[in-house]
Every structure is written in C-alpha cells, then in structure tokens.
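Worksheet for the structure shown next.
The values are calculated or read from the model by the stated rules, or taken from the named source; none is laboratory data. Quantities reported herein were computed from a predicted structural model and do not represent experimental measurements. Note that we place each Cβ from the backbone using ideal geometry, even for glycine, and neighbour counts take in every protein chain shown.
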Amino acid sequence: MSDLTITLLAGGVGGAKAAEGLAASAYSDATHIIGNIADDEEFHGLWISPDIDTLIYSLGDQIDRERGWGRKNESYQVLNELKALGQETWMTLGDLDLATHIYRTELRKQGVRASHITQRLANRHGVQVPILLPTDDVVQTQVRTASGWLSFQEYFVREHCEPKVLGIDYKGAKIARATSEALNQIANSDVIIVAPSNPIVSIGAILAIPGIQEAIEKSGAYVIAISPLIAGKTIKGPADKMLESMGKSTDSKGVYQCYSSFLNALVIDDVDRSDAPWLEGKGLDVLVTPTFMSSTEDKRALLTDVVAFALAQRQQRVA
Ligand code: GDP
C-alpha cells in the first residue's frame, strides 16, 4: 500500500474520530489530514485553534474522551484565577491546554507559519499522521443571528448553539491563500475522505479557501464522505440546524447537496438506508453501514471499510 495516498478532510470531534480510525488502520502510512482553522479565536491574548488541537490531542491520546475535546487529567487553576480577576471565562481552557495556546501564540508572534506550529505541536504529542492546514492565513467563521453577527465560539460555546442561524460568513477566506502542502496533497490523492464533520462550518470552511474545492474537483481522486447525520440528527453540535437554515435537507441528502460538485460516494448509517436509492439516482456509490463510532475498534473498522469500498469502486470506474 506504499504508493497509495489518502487525504482526510476533518473538523473537530467527528473529524478526529475518522482520523483516529485511519491512524489505527492499515492505511495510516498513506494518510494525510487537512484540518479546519476557521474555528480559531483569540482568548486572553492567546490564539486558540480548537479543531486542530482536537485532532492533535485525539491522535496523541491526550484528549478528554468523555467530552471529546480538551486534555485528559486537566486542571483549571489559571481559568479560576482569571475568573476571580473578572475576566470572561465561558471558553473552558485548562492549564495543560493553555500551554499549547501560549506556545502557539508565541511562535505566531515570531512569524512562524501556522502549518509549522501545528507540526511542532503534533510532534510533541507523538502524532504520526501529518496534519496539514488549508491555509496559514486567518479565516474565521462568523454566524449571523437575529441579534447580529457572532464569532463561531460565541455561537457554539457561549450561546450553546441556541440562536437561529441566519447566515454564515468565512471572514478572511476570500483573500486567504491555500498552502502548497494542502494543494499538492489533494492533487496527489487517490482517495479523499470527507470526515463526518459539520458540512457547513468545518468542511465548508476548508472548501471556502480559494483553490481547495477546485483542487478536489480536478484531482481525479475518488471522493467519499461519511455522513455526520444519523436519522436526521447530529451526534453532537449544530450541523442539522445549520443545514436547515441554509435551505438544505437535514439528512444524507443535505450532506450530498453540500458536496455535490466533487462527491463520488456517501457513507450513510444503516438506519438511513431508505435514502440510498435517491443518492444512487444522483450517480453516487452508497455504502450503508453502522456509522456511529465510540471505541477505537469502531473507528478502525469503519475507516477500513470506507477505504476498501473507495478503492474497489474506483477500480470499477477505471475498468
Ligand atoms: P466540531 O468542529 O468539534 O463540531 O467537529 P466536527 O465538525 O468534526 O464534527 C461534528 C459532527 O460530527 C457532528 O455533526 C456529529 O454528528 C458528527 N459525529 C460525531 N461523532 C460521530 C460518529 O461517531 N459518527 C458519525 N457518523 N458522525 C459523528
């Protein structure tokens, strides 16, 4: 499998599950991940990159498995002191986690590329699968609500995804430059897997960076997405509500609608098997299988099946 090249497009929690599945599979050496930087935000003067850190902590087995984010064995002395000083502390940042943010911020100030900082943090946690950034520039998802625009973290963490989403903007995306590493990786891919991540704010934010979506469309890779929705609901997070407010269907059909310009196949859960004929009617290959991942074995098994399915279908298309 040495000449096989797989790219995973990943957000945070759903992205990290797929990343762990590939890392635990026979395809780990073939895999590169492209992560989402548009959830990034500054808190207490520090640059926080939640989706990238979720990938690094998960792959480095440092994640708090119950929450799906943050470090395990975490303490909150710094945050408690900031609260006592009257600072806003709705963004839960633990002491160990803060070291990551201090390090990232210091290197950014020195002018080190965000991609290289990510690589150094990944090395620190023993992460073997390369994590690439779609851009080194600042792109930040903004959410329009009835009371105005919110940053993504204000909407997601402070407001618990409660306000109705009236629109999304990827601030800075139009002038962002895609990294050559991400573009080359996409161009050289045999299989591109879209993780079961939020199609609007995780994957949508990666695709919004000029050149990325075009590179996928032109790559010749077999592109397969795992639906983040099971029975029309997300496991966690606002993807269903966001799809609805974007006028898309809140099921696998809506996921297809987000990726229709480049998708070859969609992986849907057993409970959604009645969607398969509609998707096949759109020219997609459909893999129907259990898609909820809890244990490492669930993740490894699903991602192994996804790659095997993609390779078999790709072979058929070539033949
Ligand atoms: P975030 O940036 O932390 O919100 O993470 P992502 O965008 O990567 O992932 C959020 C999405 O992951 C949600 O829409 C969930 O429904 C989906 N998700 C989480 N766990 C699973 C799982 O085990 N299976 C599937 N199919 N989707 C999942």
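The figures follow:
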quantity	calculated
Residues located in the range 218-234, provided they are more than 10 Å from the ligand (Cβ to nearest atom) and among the basic types (Lys, Arg)	218
Residue within the range 214-235 that is of a type in the set (Ser, Thr, Tyr) and under 30 Å from residue 65 (Cβ atoms) present	yes
Cross-chain or 6+ apart pairs with Cβ under 6 Å, the range 68-86 first and more than 16 Å from the ligand (Cβ to nearest atom), then hydroxyl-bearing (Ser, Thr, Tyr)	79/89; 82/89; 83/89
Verdict on residue 237 being more than 15 Å from the ligand (Cβ to nearest atom), within 29 Å of residue 156 (Cβ to Cβ), outside any strand (DSSP E or B) and at pLDDT below 95	no
Hits in the range 101-124 (condition: buried (at least 16 other Cβ atoms within 10 Å of the Cβ) and either within 17 Å of residue 35 (Cα to Cα) or in contact with a His (Cβ under 9 Å, 6 or more places away or on another chain) (or both))	101, 104, 107, 114, 115, 117, 118, 119, 121, 122
Where a residue in the range 208-227 is part of a loop (DSSP other than H, G, I, E, B) and its partner, wherever it lies, is modelled with pLDDT under 95, with Cβ under 7 Å and at least six apart	227/252
Test: residue in the range 184-206 that is within 16 Å of the ligand (Cβ to nearest atom) and over 27 Å from residue 290 (Cβ atoms)	yes
Pairs, first under 16 Å from residue 27 (Cβ atoms) in the range 187-203, second aliphatic (A, V, I, L, M) and within 7 Å of the ligand (Cβ to nearest atom), C-beta under 8 Å, six or more apart	193/226; 194/226; 195/10; 195/226
Residues of the range 190-215 satisfying the condition of being surrounded by fewer than 24 Cβ atoms within 10 Å (Cβ to Cβ) and over 16 Å from the mean Cα position of the chain (by Cα)	190, 210, 211, 214, 215
Flag for residue 17 being part of a helix (DSSP H, G or I) and touching a Lys or Arg at 6+ places or on another chain (Cβ under 7 Å)	yes
Filter result for the condition that a residue is within 16 Å of the ligand (Cβ to nearest atom), in contact with a helix residue (DSSP H, G or I) (Cβ under 6 Å, 6 or more places away or on another chain) and aromatic (Phe, Trp, Tyr), over 155, 170	170
Failed item, numbered, when residue 7 is tested on (1) in a helix (DSSP H, G or I); (2) within 17 Å of residue 305 (Cα to Cα)	(1)
In the range 252-286, residue surrounded by the fewest Cβ atoms within 10 Å (Cβ to Cβ) [restricted to those that are in contact with a strand residue (DSSP E or B) (Cβ under 7 Å, 6 or more places away or on another chain) and of a type in the set (Phe, Trp, Tyr)]	262
Verdict on residue 291 being among the hydroxyl-bearing types (Ser, Thr, Tyr) and in a loop (DSSP other than H, G, I, E, B)	yes
